[in-house]
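Taking it in order: structure first as structure tokens, then the write-up.
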Amino acid sequence: MASRPTPGSPGEQGDASEEGSWPGDGGPTHRLRDDGRMRSVVLTALSASETAAWHTDLVTRERWWSEQMFALHGLSADAPVPADYMELVLPKDRSAVENAFRESITQGSHRVQYRVVWPDGSVHWLEGRGHAHRRQGQPAEISGVCQLIDHRKREEADLAFLAAASLEFARSIDYEDTLRRIAAMAVPHFADWCAVDLLDDEGLLRRVAVAHVDPAKVELAQTLHQAYPPTPDDSSGVWQVLRSGQPELVAQIPDDMLVQGAADAAHLDILRRLGLRSYMGVPITMQQGVAGVLTFVSAESRRVYGRRDLDVATDLASRAAVAISNARLFQELQRSQRRQAFLLRLTDVLRANGSTAQVLEQVSEMVGRHFGVNRVGYGHVDEHLDRIDFDICWTDGSVPPLGGRFPASAFGPQVIARLRAGHTVVIANVRDHPLTSEPTTVETSHEVDTRAILVVPLFKAGRLRTIVYLNQRLERHWASDDVTLMEEVAERTRELIERGRTEDALRGSEARWRGLFERMNEGFFVAEAIRDEAGEMVDFWFLQANPAFEKLTGVAAAAAIGRTVREVIPGVPQGLIDTYGRVLADQAPHEFEVHVPALDNRWYEARVMPLSAEQFSVLFVEITDRKRAQQALEQSARRYRTLFDSIDEGFCLIDVMFDATGRAVDYRFAEVNPAFERQSGLVAAQGRTVRELVPDIETAYIDTYARVALTGESLRFESHAASLQRWFDAFAFRVGEPQDRRVGLLFTDITARKRIEAALRLADARKNEFLATLAHELRNPLAPLRNGLMILRNANAADAAAIRAREVMDRQLSHLVRLVDDLLDVSRVSQGKVTMKKSATSLQAVVETALETARPLIDAAGHQLSVELPAQPVPLDVDPTRIAQVLSNLLNNAAKYTPAGGRIQLRATVSEGPTLRIEVEDNGLGVPAHMLDDIFELFTQVGSALERAQGGLGIGLSLARRLVELHGGSIHARSPGPDGGSVFVVELPLPPDVDLQQGSVGAASDVAGSGEQQRCILVVDDNVDAAESLQMLLALSGHDVHVAHTGAAALAAVARHAPDLVFLDIGLPDITGYEVAQGIRAQPQGAGIVLVALTGWGSAHDQQRAREAGVDLHLTKPVAAKDLAHALGLQRGG
């Protein structure tokens, strides 16, 4: 063996011969060599297995170690050894080692057990033995051996732990507290962690203890258990040990096992922070089965559990099982003794005198102190009203007492259901139990400051009558003995409670009876039958009568008692006595109404009860007022029914229907009157919902009636039911209370009225338009008449201008005459005052007359007129003037509503019947399809009056139709639509002998034209006479005047001549005067032109529109001379 030098020298160590000096300091350490000098050492080392040898020279301070010696200190064979051996020894064991060496020097040998610290930080037990050798009487060297005794020390510690645990088990009767102390004892020498879990009576796992040297880690472990408690379906751990009854050993806990077992990242983090290395779980097995599990885990110590450790843990679990069993037996004995003593005291209390309430108060206090709870009491259950009256309650002062009346549902519907089913309710914590999870129940638990409850139901006749309850502020796991004892207490107090209730009820009944008898408003008497020889009841005696008897009959009770009814009430109906006789014969109660004329014609409602074979009692009230009211009500009901059935308005009672969310979705017809079907159109509605009858009913009706039902606010309204195609005037009001959701509805079908109103509105609009149009039509001829008069004042009578003015005035006066004639004619026709002056004439004569009237207007517009008549004269029996008037109206209309240069055709044919068919066709503006019938109504015109350049009063076609109808004929119109032209067809009956075989011949008229001159002032008017007369008047004053009859021509004239002043009519044939004004203003030279509106439209609205279009001055036809002069003097901008 080679030596290994170490720092230090012998001279530095002092005298080697000094007894008691420490030889392990300062000298070098060498490997032990095999030579003669070491023979005794080798023999010593070989005497024991796994033994290391060492030798120290006390003079030189050199040391020699065998290879095993290096291994025992966790060193490799070539590792350096500290100069001072004590550096390898656990500090707290160094003094023991020094003392042992001194003992060897002084006494020749030593034996010592101590711990050394390996380079990896682990601590190990060694046992060292040594012998000192002397030379010349002085100690010279020491030799010895060392052994690793970790296993032995661990076994000793385990045995000591088991002994200490057994001692704890033996002297404790509180096994849970003992288990907590055992867990603390196991840490740290047997485990770094120790936990104890036990099964409770309900089969739930409850952690009794968890121990670790570091309190912070204990808190961490408790957090882990609360956040991630073991579950019965775990494949390993506590529940696996509980299921199998076998211990579980995991020697090494790798990280992947933690990853696999972690529920989430937070769980894995906690497991890693605990530093788990090795694990054992052993069952605590008793005769009844596995009661719990002891869990041991190593962490910081790095201990690796093996089979022997599992045996120790199993041994400890067995001792714990015995201790638990013994403690439970002892506790059971103690409980039994306390139980018997408690029941004996309870019996004494129940036998004591006193009221039921006093006895129950004593019982509640006894129970509370015996069980150590905070509150005990009794509650009386009223199943009909679903309430509990808490009238008996004891508390220890830490919680408020329960008193008063509570709805049963406040304590949780599931709890009440279990009580009604006869089950005792046992809950450790109502705030996290499924039976009491409703928010209202949890809120109640906070209000009464309660977590743990034990409630026992008491029944009578199959109905829940009483509950006995125990409450505790803190969570409490009730033992099965607690439950059985409380059920026995409840059962023993049942008889007392029921007896007390019966006595209280009897006393209350007697008091109520006497008080009721004296104070009740109902009359009451007891009577006994009087019978004849045949056994028939013929009278009865009054035995008792209450004070109300006199009030209701007018007979004093004292005057009636002891006398017969015939004496007391002469003339009493025999039927009343017979009724009482039948009650006694049947021995059954009977209720009836009776009229007693002898008692001021009063009515009574009575209830007779047989008391024996001969006696009976009668409870009665006077119902005279009610009977009168009932009769009045019946009369009112008959009147109501008569009204209900006879009114012309529809009436119904409806029940509004709501869905689960409170939204109205339908309503049902509860009752309808006979007029309902006629007014609504709904057949067999009663009992059915509106959605059954009208699936697409507007939801607004349902919402409206729902609002009336809920708010009580009556509502009158008119509405259009598109689904029924009717208008209704309705009044809705609530009937009954809001919860009835019933609405009364009185309604009338006003569809016809609405149509009339619409027609009236249309007629009114037509009237207003007619009046405006009439004013315009009258002003149009007046304008040229006034212009002509001014011309005549400023010209010679023989001048061309004067002659032309007279012609214009003549035409316009003729036009005025026609307007007035038309107005008079339509009025006379409407009133039926027109007589047809029929005479023999011909079609050709009538057409010629009509053409004479219409041709000036046709020629003025430049239209082409064609006439096609039968070749032979067609004889007519008509009023020739009126038929010519009809045709001229049709021709005038065609001329007015056809743009200049249009085509007008008049055709006449004779067909079977015989019938004369006359058609007037044009290629003008046409008639919209919806107007083809309306245009024959009075004052009706196509489009607004402003849009029609030629105007008209809207009476011509109406007059034509009425005149044709007076001849037995008809008139109608055809048109493709706007701008498609139109055809007006007149059909008249002919005399029966008319020859239908007639040809036809046509004639065409020439197109009339008009010229234009260039002037300085522009006059724009579609009325040619008005335009020309104003042109002549202005020309007489020396002005240059241009004339335009359309909007387009006006714009072109402005662009061509740049006039200083424009007189502008508003109603033009193509575009309105407003549009012309805007067009002029848009031209480059338009800003400086003075625009004067000269029109028959003179309302404020018309003037406003003119200003908005850029018109400087608005004049209404006919214009006065001063207004015309004013207009001529206007300059743009000033």
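The values are calculated or read from the model by the stated rules, or taken from the named source; none is laboratory data. Remember, predicted model here, so these are calculated numbers, not experimental data. Counting neighbours? That spans all protein chains shown, and the Cβs are built from the backbone with ideal geometry, glycine included.
Residues are listed down the side, and each one gets a yes or a no for (1) at pLDDT 90 or above; (2) hydrophobic (A, V, I, L, M, F, W, C); (3) loosely packed, with under 12 Cβ neighbours inside 10 Å:
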site: E488; (1), (2), (3): no, no, no
site: E498; (1), (2), (3): no, no, no
site: R501; (1), (2), (3): no, no, no
site: G508; (1), (2), (3): no, no, yes
site: A534; (1), (2), (3): yes, yes, yes
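Would you call A548 of a type in the set (A, V, I, L, M, F, W, C), under 60 Å from the mean Cα position of the chain (by Cα) and either surrounded by 13 or more Cβ atoms within 10 Å (Cβ to Cβ) or at positive phi (or both)?
So A548 passes the test.
The rows are residues; the columns are (1) hydrophobic (A, V, I, L, M, F, W, C); (2) within 30 Å of L329 (Cα to Cα).
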site	(1), (2)
H131	no, no
H151	no, no
A157	yes, no
L179	yes, yes
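Within region 378-411, can you find the residues that are within 25 Å of E495 (Cβ to Cβ), in contact (Cβ under 8 Å) with a residue 24 or more places away in the chain, outside any loop (DSSP other than H, G, I, E, B) and not small (G, A, S)?
Hits for region 378-411 are Y378, H380, V381, I388, D391, I392, C393, W394.
What residue, among those in region 818-861 that are at pLDDT 85 or above and of a type in the set (K, R), is surrounded by the fewest Cβ atoms within 10 Å (Cβ to Cβ)?
Once the filter is applied, the top-ranked residue is K838.
Scan V312, V322, V349 and give me the residue that is β-branched (V, I, T), more than 28 Å from R499 (Cα to Cα), touching a helix residue (DSSP H, G or I) at 6+ places or on another chain (Cβ under 6 Å) and at pLDDT below 85.
V312
Restricting to region 903-920, give me the number of residues that are in contact with a strand residue (DSSP E or B) (Cβ under 8 Å, 6 or more places away or on another chain) and surrounded by fewer than 20 Cβ atoms within 10 Å (Cβ to Cβ).
Here the count works out to 10.
Does S325 qualify as being in a helix (DSSP H, G or I), of a type in the set (S, T, Y) and without any contact (Cβ under 8 Å) to a residue 24 or more places away in the chain?
no
Please specify each residue of region 372-390 satisfying the condition of being farther than 22 Å from E202 by Cα and surrounded by 15 or more Cβ atoms within 10 Å (Cβ to Cβ).
N374, R375, V376, G377, Y378, G379, H380, V381, R387, I388, D389, F390
Among the listed residues R338, R307, R302, identify the single one that is exposed (fewer than 15 other Cβ atoms within 10 Å of the Cβ), among the basic types (K, R) and under 60 Å from the mean Cα position of the chain (by Cα).
None of the other options fit; the residue is R338.
So, in region 1072-1126, exactly how many residues are surrounded by fewer than 20 Cβ atoms within 10 Å (Cβ to Cβ), in a helix (DSSP H, G or I) and of a type in the set (A, V, I, L, M)?
5
Could you list all residues from region 181-216 that are at pLDDT below 80 and assigned to a loop (DSSP other than H, G, I, E, B)?
Answer for region 181-216, where residues must be at pLDDT below 80 and assigned to a loop (DSSP other than H, G, I, E, B): P188, H189, D201, E202.
Which one is farthest from the chain's Cα centre (by Cα) among residues in region 67-83 that are buried (at least 16 other Cβ atoms within 10 Å of the Cβ) and at pLDDT below 85?
The residue in question is A83.
If I filter region 676-692 for residues that are aromatic (F, W, Y), surrounded by 19 or more Cβ atoms within 10 Å (Cβ to Cβ) and over 32 Å from the mean Cα position of the chain (by Cα), do I get at least one hit?
There is at least one residue in region 676-692 that is aromatic (F, W, Y), surrounded by 19 or more Cβ atoms within 10 Å (Cβ to Cβ) and over 32 Å from the mean Cα position of the chain (by Cα).
Taking into account only those residues within region 654-669 that are farther than 22 Å from D729 by Cβ and not charged (D, E, K, R), which is farthest from the chain's Cα centre (by Cα)?
M657
So how many residues does region 99-115 have that are in contact with a Ser or Thr (Cβ under 6 Å, 6 or more places away or on another chain) and either closer than 12 Å to E141 by Cα or touching a residue at least 40 places away in the same chain (Cβ under 8 Å) (or both)?
Number of matching residues: 0.
Of (1) under 30 Å from L179 (Cβ atoms); (2) of a type in the set (A, V, I, L, M); (3) buried (at least 20 other Cβ atoms within 10 Å of the Cβ); (4) touching a residue at least 60 places away in the same chain (Cβ under 8 Å), L360 satisfies all except one. Which?
(1)
Out of the residues in region 862-902 that are of a type in the set (V, I, T) and closer than 11 Å to Q844 by Cα, state the one that is surrounded by the fewest Cβ atoms within 10 Å (Cβ to Cβ).
V867
Which residue is surrounded by the fewest Cβ atoms within 10 Å (Cβ to Cβ), if the candidates are limited to region 695-715 and must be closer than 11 Å to D666 by Cα, in contact (Cβ under 8 Å) with a residue 24 or more places away in the chain and not hydroxyl-bearing (S, T, Y)?
Across region 695-715, the extreme among qualifying residues is D703.
Can you pull out every residue in region 1030-1050 that is part of a helix (DSSP H, G or I) and either touching an Asp or Glu at 6+ places or on another chain (Cβ under 9 Å) or modelled with pLDDT of 90 or more (or both)?
L1030, L1034, G1047, A1048, A1049, A1050 - these are the residues of region 1030-1050 that are part of a helix (DSSP H, G or I) and either touching an Asp or Glu at 6+ places or on another chain (Cβ under 9 Å) or modelled with pLDDT of 90 or more (or both).
Does at least one position in region 137-146 carry a residue that is free of Cβ contacts under 8 Å to residues at least 60 places away in the same chain and more than 23 Å from M280 (Cβ to Cβ)?
yes
Checking the conditions here, which among A417, A428 is small (G, A, S) and touching a strand residue (DSSP E or B) at 6+ places or on another chain (Cβ under 7 Å)?
A428
Kindly establish whether E522 is touching a strand residue (DSSP E or B) at 6+ places or on another chain (Cβ under 6 Å), farther than 30 Å from E447 by Cβ and modelled with pLDDT under 90.
It is true that E522 is touching a strand residue (DSSP E or B) at 6+ places or on another chain (Cβ under 6 Å), farther than 30 Å from E447 by Cβ and modelled with pLDDT under 90.
Let me spell it out: the conditions are (1) touching a Pro at 6+ places or on another chain (Cβ under 7 Å); (2) surrounded by fewer than 18 Cβ atoms within 10 Å (Cβ to Cβ); (3) basic (K, R), and K92 meets all of them except one. Which number is the exception?
Condition not satisfied by K92: (1).
Condition first: surrounded by 15 or more Cβ atoms within 10 Å (Cβ to Cβ) and part of a loop (DSSP other than H, G, I, E, B). Now tell me which residues in region 716-738 satisfy that.
L724
Could you check how many residues of region 341-354 are of a type in the set (A, V, I, L, M) and exposed (fewer than 11 other Cβ atoms within 10 Å of the Cβ)?
Residues meeting the conditions: 2.
Can you work out which of the residues in region 628-653 that are under 15 Å from A732 (Cα atoms) and out of contact with any Gly (no Cβ under 8 Å at 6 or more places or on another chain) is modelled with the lowest pLDDT?
E649
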